[in-house]
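K.L.:
Sharing a structure below in structure tokens format, with a few things to ask.
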Amino acid sequence: MKFETAATTNPIDQLKVIGKPLSRIDGPLKTTGMAPYAYERHDVVSNPAYGYVVGSAIAKGRIASIDLGKAKAAPGVLAIITAENAGKLGKGDRNTAKLLGGPEIEHYHQAIALVVADSFEQARAGAELVHVDYVKAEGAFDLEAVKDTGKPRAPFGGPADTAVGDFDRAFAAAPVRLDATYTTPDQAHAMMEPHASIAAWNGDKLTLWTSNQMIAWGVGDVAKTLDIPKENVRLVSSFVGGGFGGKLFLRSDALLAALGARVVGRPVKVALQRPLMFNNTTHRPATIQRIRIGASRDGKITAIGHEEWSGNLPDGRAEGAVSQTRLLYAGANRMTATRLAALDLAEGNAMRAPGEASGMMALEIAIDEMAEKLGLDPIEFRILNDTQIDPERPTRPFSQRQLTECFRTGAERFGWSKRDPRPGRVRDGRWMIGIGTAAAFRNNLVVKSAARVRLDRSGIVTVETDMTDIGTGSYTIIAQTAAEMMGVPLEKVVVRLGDSTFPVSSGSGGQFGGNSSTAGVYAACVKLREAVAQKLGFNSAEAEFADGEVRAGNRRVPLAEAAADAGLTAEDGVEFGDLDKKYQQSTFGAHFVEVGVDAATAEIRVRRMLAVCAAGRILNPKTARSQVIGAMTMGVGAALMEELVVDKRKGFFVNHDLAAYEVPVHADIPRQEMFFLDETDPMSSPMKAKGVAELGICGVASAVANAVYNATGVRVRDYPITLDKLLEQMPDVG
Amino acid sequence: MKSFTYERARSPAEAAATAARTEGARFIAGGTNLLDLMKLEIETPAHLIDVNGLSLDKIESTPEGGLRIGALVRNTDLAADPRVRRDYGVLSRALVAGASGQLRNKATTAGNLLQRTRCPYFYDTNQPCNKRRPGSGCAAIGGFSRQHAVVGASEACIATHPSDMAVAMRVLDATVETVRPDGPARTIPIADFHHLPGNTPDVETALSPGELITAVTLPKPVGGAHIYRKVRDRASYAFALVSVAAIVQRDGTGRVALGGVAHKPWRIESAETQLPRGARAVTAQLLSGAKPTRENAFKLPLVERTLGAVLAEAKG
């Protein structure tokens, strides 16, 4: 199905199942421990051997020699895979450094060996006996130090440099100006389930039960790296224990499991050890961002400029923190610039809302600062500069844009009018209280997505697609889509996901999965409805699918009859035309945060949070809410504690475990409220939905930062906002 | 993890004797720290002596009016004991400020005293660490040192002791009871129990090889307001940036010990004479000679401010 013109009325609009706050259908499996995650596929693999990964002890240089003698002789050790003995390996399209390093070392904890043994404990003990001699080389590890060597690099979705009007002149001429620099640190996905895989070979055919967000990408890169045909690779990823972008790609666990299994002639399972998770895999790269805003005295932005510097391994991507600044606020004179320097840290790559999450951390503080300079309420300043058209290309409207409504609704619900705009005025015992706000913004991406739908004689509708559920609720919204389309209750729908033998979907990433994958299921269901109508002798345009029946006029036939003995199968997908070129499709929201800052210690604790989001049709308000409040939680982490600390001498992230890389715990998160505005976006897909999973994090950290400023009068521009950055400017202890 | 042998001890004296004569022996109780360290091969004992069965899990009143806490009393039970909550509130509060509910259910009183540092370089076996591999150097010096010691550190080590409980024990003047391999018991004042790093940061306590902690004894209650204030980046399940354990009497006199600033719970009794003059005067003495790094210099004003808040709270 081609989706090339605005969606009109279709069966989804019935909203009998879609739009309902249903509990996730895979919930009972998860709460009873029965959901089969990759490392625990005892049902399909017996007698596996265990792999333990050896990570490089240096950041850059080469391996002079590896002594495997002692390790090979250790009890239970079956084989040790290294670059030297693994045979010639290609490199996938989507990883920058090699997944099995050596002799060249590209980053700390780059995998250099896999020890395979009969038991996990034996593999681990064997790994400790692998002796490696390195020759270290100088590396670049300090973004600030190498920033000026950065080269223009196009981020996702745009060129390296953008310019509209005459930014320099307009900025110089503006009566009110802001020129400030902000920094965001490297951050880790820190998902609960580490990268984990079981590999089994059957002749020259490989099956990988793995934890991956993007099945088809994974198949392609496995095939390319091992130099085998794609047809010989099967990936299965039925359940994923968190990804956040860290599992978009083939990583070392899967490749090494495959190599190990080939050598020992037996399935091999590998879970990346937690201490390797931070330097072996990808992370959200640090940024330095300079923002300049010029405005007239009445608060109209006349010039807005955003420059970004980030670092990555050679051939790595730029973070793209400027991207929202091209779209979020009006202003005739604009510029952005993206610069990327070479760093020898682990690969920087996508993490929940790549680009916008980091960019909004800076931009929405800058907007708060600018509002204060202008003497304007921060919400009024934003509304004053709201736009319904792409500010770079005025002929291009937004498909839907309710930013102002988000702010107005949120202000009312949060009690914004009670906020004292003068910093440091509100106390509650030992706590200095502040309230802050920020816009939420994330582009809506649409990605081709297919599914197969089968009706059987008992009236069960089975959906198969290689779409993944990374904790988001994909199983549930796909079931809802099929139930709505086929006119059956949710219990009559079976959803099977994450298997490369199923039609290729959008996968889970970039908040495109929910809308795109359900649109693909919609397309397959349209085809199945036609087949059913034909089989039962209905005119498909007139047939109504409801309550397990097909109806037209006075005639009613049970849906299951169409299946007969053989069943009825339809396969189709959605392919998107150029509606996303004609219309700017984005998602919007407003975050509100109240913090308390301990007047003595400057400890910051979040007291209240509210997000109001406008993101197209909400397919399932319950799972969508979970996405948003989870993202708000992650935003609190970004604001207050998350930082991969770089040892700039040795070139690695020092705090590489979950004790030292702090993310919010329950005690850090207060009651979170979130509210969706009514919206349908006929430009986005037949579902009229958009993404919400990444919108929820964008802007949270700056709302926290702005609340901290309101509480204390201390403006912190370097994340995370930890107490040591406030302490000097805090009032004397009484 | 290196392979190891294992036995259950039958008496404290036997456990100590076995430990002394067995190469690479370690005691294991709750295992909340040792097992993690073994998995990472930071600790590589050849033999584990499980002391969990030794019935050292009672909290008893002493003839002197204090409490004798068995070495195996779990942190959860100690924190919840009505006598502790009534008479030694600082201890109860310090305990619940540490770790998580699950860990406190397993962790023991003696094990808590023997926790090893959370320095990230100690945890990364690729890195030099004088504590883990004596003589290899200290990667934390000149490295990431935000959590590290500001007083009492050495050129060999700037690690901190991570315990909350031990800070309260220090302010309560606890004594550590042990049994030695050759038989006799002894008591070690908590002040002497933990060592500063000096040139031997791998030697962390006064315990001799094989010596087993059997109890920790608290003297008669001293009254006063008991406060434990732990300052950290997140609200729970994080090690202290700094912590203050204080017992403050109505007349403004009292005792103070600090956590998160040194290789041991940090208390200087002579500084306490300054308490009636306020936090600044006390901190000046407590932290005199401090040598912070650029990254942890904030701990100095933070101690003063936190102590100020604690003294204000004590006044009520």
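K.L.:
Could you tell me which of the residues B:Cys119, B:Cys129 is without any contact (Cβ under 8 Å) to a residue 40 or more places away in the chain, closer than 24 Å to A:Glu662 by Cα and not charged (D, E, K, R)? Let's see the steps before the verdict.
P.N.:
Values: B:Cys119 fails: without any contact (Cβ under 8 Å) to a residue 40 or more places away in the chain.
The match here is B:Cys129.
K.L.:
Right, something else. Could you count how many residues in the stretch A:616-649 are within 13 Å of chain B (Cβ to nearest Cβ) and either of a type in the set (Asp, Glu) or more than 16 Å from A:Asp186 (Cα to Cα) (or both)?
P.N.:
Of the residues in the stretch A:616-649, 5 are within 13 Å of chain B (Cβ to nearest Cβ) and either of a type in the set (Asp, Glu) or more than 16 Å from A:Asp186 (Cα to Cα) (or both).
K.L.:
Suppose we filter the stretch A:460-486 for residues that are open to solvent by less than 10 Å² (accessible area, probe 1.4 Å) and outside any strand (DSSP E or B); how many remain?
P.N.:
Residues in the stretch A:460-486 being open to solvent by less than 10 Å² (accessible area, probe 1.4 Å) and outside any strand (DSSP E or B): 16 in total.
K.L.:
Considering the stretch A:533-557 alone, what residues qualify as being under 42 Å from the mean Cα position of the chain (by Cα) and β-branched (Val, Ile, Thr)?
P.N.:
Correct list: A:Val550 only.
K.L.:
Checking the conditions here, which among A:Asp221, A:Asp186 is open to solvent by less than 70 Å² (accessible area, probe 1.4 Å), farther than 30 Å from A:Pro664 by Cβ and of a type in the set (Asp, Glu)?
P.N.:
Going through A:Asp221, A:Asp186 in turn, the sole match is A:Asp221.
K.L.:
If we scan the stretch B:88-97, do we find a residue that is within 14 Å of another protein chain (Cβ to nearest Cβ) and open to solvent by 10 Å² or more (accessible area, probe 1.4 Å)?
P.N.:
Of the residues in the stretch B:88-97, the ones within 14 Å of another protein chain (Cβ to nearest Cβ) are B:96-97.
Narrowing further to those that are open to solvent by 10 Å² or more (accessible area, probe 1.4 Å): B:96-97.
Checked against the condition, which is being within 14 Å of another protein chain (Cβ to nearest Cβ) and open to solvent by 10 Å² or more (accessible area, probe 1.4 Å), the stretch B:88-97 yields at least one hit.
K.L.:
Can you run down the residue pairs with Cβ atoms below 6 Å, 6 or more apart or on separate chains, where the first is in the stretch A:660-673 and more than 7 Å from chain B (Cβ to nearest Cβ) and the partner is of a type in the set (Val, Ile, Thr) and open to solvent by 30 Å² or more (accessible area, probe 1.4 Å)?
P.N.:
Listed by first residue and then by second, the contacts come to A:Ile669/A:Thr633; A:Gln672/A:Ile629.
K.L.:
Let me ask you something else. Looking for whichever is under 16 Å from A:Ala602 (Cβ atoms), more than 22 Å from the chain's Cα centre (by Cα), open to solvent by less than 20 Å² (accessible area, probe 1.4 Å) and at pLDDT 95 or above here; the options are B:Ala279, B:Ala309, B:Ala297. Which one fits? Before the answer, list the steps.
P.N.:
Working: B:Ala309 fails: open to solvent by less than 20 Å² (accessible area, probe 1.4 Å); B:Ala297 fails: open to solvent by less than 20 Å² (accessible area, probe 1.4 Å).
The unique qualifying residue is B:Ala279.
K.L.:
Next up: Sort out which residues of the stretch A:447-459 are of a type outside the set (Lys, Arg) and open to solvent by 40 Å² or more (accessible area, probe 1.4 Å), and write them in order of number.
P.N.:
Kept after step one, since they are of a type outside the set (Lys, Arg), are these residues of the stretch A:447-459: A:447, A:449-451, A:453, A:455-456, A:458-459.
Matches in the stretch A:447-459: A:Val447, A:Asp456, A:Ser458.
K.L.:
Right, something else. For the stretch A:691-701: of the residues being open to solvent by less than 10 Å² (accessible area, probe 1.4 Å) and in contact with a strand residue (DSSP E or B) (Cβ under 7 Å, 6 or more places away or on another chain), which is farthest from A:Ala7 (Cα to Cα)?
P.N.:
For the stretch A:691-701, the residue satisfying everything is A:Val700.
K.L.:
Pairs, please: C-beta under 6 Å, at least 6 apart or cross-chain, first residue open to solvent by 20 Å² or more (accessible area, probe 1.4 Å) and in the stretch A:531-544, second acidic (Asp, Glu) and outside any loop (DSSP other than H, G, I, E, B)?
P.N.:
Within 6 Å, the pairs are A:Ser540/A:Glu530.
K.L.:
Tally up the residues in the stretch A:260-300 that are open to solvent by less than 10 Å² (accessible area, probe 1.4 Å), under 30 Å from A:Arg382 (Cβ atoms) and of a type in the set (S, T, N, Q), please.
P.N.:
Total satisfying the criteria: 2.
K.L.:
Mind listing whichever residues of the stretch B:285-316 are part of a helix (DSSP H, G or I), in contact with a Leu (Cβ under 7 Å, 6 or more places away or on another chain) and away from every other protein chain (no Cβ under 11 Å)?
P.N.:
B:Leu286
K.L.:
Where in the stretch A:562-643 are the strands (runs of 3 or more DSSP E), entirely inside, with at least 2 residues that are within 24 Å of A:Arg382 (Cβ to Cβ) and more than 20 Å from the chain's Cα centre (by Cα)?
P.N.:
A:586-598, A:604-614
K.L.:
What number of residues in the stretch A:710-734 are in a helix (DSSP H, G or I) and either crowded, with 24+ Cβ neighbours inside 10 Å or within 13 Å of chain B (Cβ to nearest Cβ) (or both)? Step through it out loud before you land on a result.
P.N.:
Looking only at the stretch A:710-734, we keep the residues that are in a helix (DSSP H, G or I), and these are A:710-712, A:723-725, A:727-729.
The next check asks that each one be either crowded, with 24+ Cβ neighbours inside 10 Å or within 13 Å of chain B (Cβ to nearest Cβ) (or both); those that pass are A:710-711, A:723-725, A:727-729.
Number of matching residues: 8.
K.L.:
Would you mind stating whether B:Gln127 is of a type in the set (S, T, N, Q), open to solvent by less than 10 Å² (accessible area, probe 1.4 Å) and within 14 Å of chain A (Cβ to nearest Cβ)? I'd like the intermediate steps shown before the answer.
P.N.:
Values: of a type in the set (S, T, N, Q): yes; open to solvent by less than 10 Å² (accessible area, probe 1.4 Å): yes; within 14 Å of chain A (Cβ to nearest Cβ): yes.
Yes; evaluated as a whole, the condition is true for this residue.
K.L.:
Just wondering, is there one or more residues in the stretch B:42-59 that are part of a strand (DSSP E or B) and touching a residue at least 60 places away in the same chain (Cβ under 8 Å)? Spell out the reasoning first.
P.N.:
Step one: filter the stretch B:42-59 for residues part of a strand (DSSP E or B), giving B:47-50, B:59.
If we keep only those that are touching a residue at least 60 places away in the same chain (Cβ under 8 Å) too, we end up with none.
No: zero hits.
K.L.:
Filter the stretch B:2-46 for residues that are of a type in the set (D, E, K, R), loosely packed, with under 15 Cβ neighbours inside 10 Å and away from chain A (no Cβ under 14 Å) and give the result.
P.N.:
Listed by number, the residues that qualify are B:Glu7, B:Arg8, B:Arg10, B:Arg21, B:Glu23.
K.L.:
Any chance the stretch B:223-232 includes a residue that's more than 14 Å from every other protein chain (Cβ to nearest Cβ) and surrounded by fewer than 16 Cβ atoms within 10 Å (Cβ to Cβ)? Step through it out loud before you land on a result.
P.N.:
To start, the set of residues in the stretch B:223-232 that are more than 14 Å from every other protein chain (Cβ to nearest Cβ) comprises B:223-226.
Narrowing the set further to residues that are surrounded by fewer than 16 Cβ atoms within 10 Å (Cβ to Cβ) leaves B:223.
Yes: the stretch B:223-232 contains one or more residues that are more than 14 Å from every other protein chain (Cβ to nearest Cβ) and surrounded by fewer than 16 Cβ atoms within 10 Å (Cβ to Cβ).
K.L.:
Within the stretch B:211-221, is there a residue that is open to solvent by 40 Å² or more (accessible area, probe 1.4 Å), assigned to a strand (DSSP E or B) and either closer than 23 Å to B:Leu78 by Cα or not acidic (Asp, Glu) (or both)? It would help to see each step written out before you state the result.
P.N.:
Within the stretch B:211-221, the first condition is being open to solvent by 40 Å² or more (accessible area, probe 1.4 Å), and the residues that meet it are B:219-221.
Imposing the further condition that a residue be assigned to a strand (DSSP E or B) reduces the set to none.
No, the stretch B:211-221 contains no residue that is open to solvent by 40 Å² or more (accessible area, probe 1.4 Å), assigned to a strand (DSSP E or B) and either closer than 23 Å to B:Leu78 by Cα or not acidic (Asp, Glu) (or both).
K.L.:
Check the stretch B:270-277 and report whether any residue there is within 14 Å of chain A (Cβ to nearest Cβ) and free of Cβ contacts under 8 Å to residues at least 12 places away in the same chain.
P.N.:
Quick first cut of the stretch B:270-277, residues within 14 Å of chain A (Cβ to nearest Cβ) only: none.
No, that holds for no residue.
K.L.:
Which members of the stretch A:106-125 meet the condition of being more than 16 Å from A:Ala271 (Cα to Cα) and open to solvent by less than 10 Å² (accessible area, probe 1.4 Å)? Lay out the reasoning, then the answer.
P.N.:
Looking only at the stretch A:106-125, we keep the residues that are more than 16 Å from A:Ala271 (Cα to Cα), and these are A:106-108.
Across the stretch A:106-125, the qualifying residues are A:His107, A:Tyr108.
K.L.:
Here is a further query. Does the stretch B:244-252 contain any residue that is over 15 Å from B:Ala71 (Cβ atoms), surrounded by 22 or more Cβ atoms within 10 Å (Cβ to Cβ), over 15 Å from the mean Cα position of the chain (by Cα) and within 14 Å of another protein chain (Cβ to nearest Cβ)?
P.N.:
Yes: one or more hits.
K.L.:
While we're on this one: When only residues in the stretch B:146-165 that are touching a Lys or Arg at 6+ places or on another chain (Cβ under 8 Å) and either of a type in the set (Gly, Ala, Ser) or more than 14 Å from every other protein chain (Cβ to nearest Cβ) (or both) count, which is farthest from B:Val90 (Cα to Cα)?
P.N.:
Taking the stretch B:146-165 and keeping what is touching a Lys or Arg at 6+ places or on another chain (Cβ under 8 Å), we get B:147, B:150-153, B:157, B:159-162, B:164.
Then drop every residue that is not either of a type in the set (Gly, Ala, Ser) or more than 14 Å from every other protein chain (Cβ to nearest Cβ) (or both), which leaves B:151-153, B:157, B:159, B:161, B:164.
Details: B:Val151: 23, B:Gly152: 24, B:Ala153: 26, B:Cys157: 29, B:Ala159: 24, B:His161: 18, B:Asp164: 10 Å.
For the stretch B:146-165, the residue satisfying everything is B:Cys157.
K.L.:
Exactly one condition in (1) open to solvent by less than 10 Å² (accessible area, probe 1.4 Å); (2) touching a helix residue (DSSP H, G or I) at 6+ places or on another chain (Cβ under 7 Å) is not met by A:Trp309; state its number.
P.N.:
Among (1) open to solvent by less than 10 Å² (accessible area, probe 1.4 Å); (2) touching a helix residue (DSSP H, G or I) at 6+ places or on another chain (Cβ under 7 Å), the lone unmet condition for A:Trp309 is (1).
K.L.:
Also: Can you confirm whether B:Gly183 is modelled with pLDDT under 95 and either of a type outside the set (Ser, Thr, Tyr) or surrounded by fewer than 24 Cβ atoms within 10 Å (Cβ to Cβ) (or both)?
P.N.:
Numbers: modelled with pLDDT under 95: yes; either of a type outside the set (Ser, Thr, Tyr) or surrounded by fewer than 24 Cβ atoms within 10 Å (Cβ to Cβ) (or both): yes.
Considered against the rule, which asks whether it is modelled with pLDDT under 95 and either of a type outside the set (Ser, Thr, Tyr) or surrounded by fewer than 24 Cβ atoms within 10 Å (Cβ to Cβ) (or both), B:Gly183 comes out as yes.
The values are calculated or read from the model by the stated rules, or taken from the named source; none is laboratory data. Computed from a predicted structure; not experimentally measured. Virtual Cβ from ideal backbone geometry, glycine too; neighbours counted across all protein chains shown. Protein only, heavy atoms only, side chains kept; ligands, DNA and RNA dropped before computing areas. Shrake-Rupley method; radii C 1.70, N 1.55, O 1.52, S 1.80 Å.
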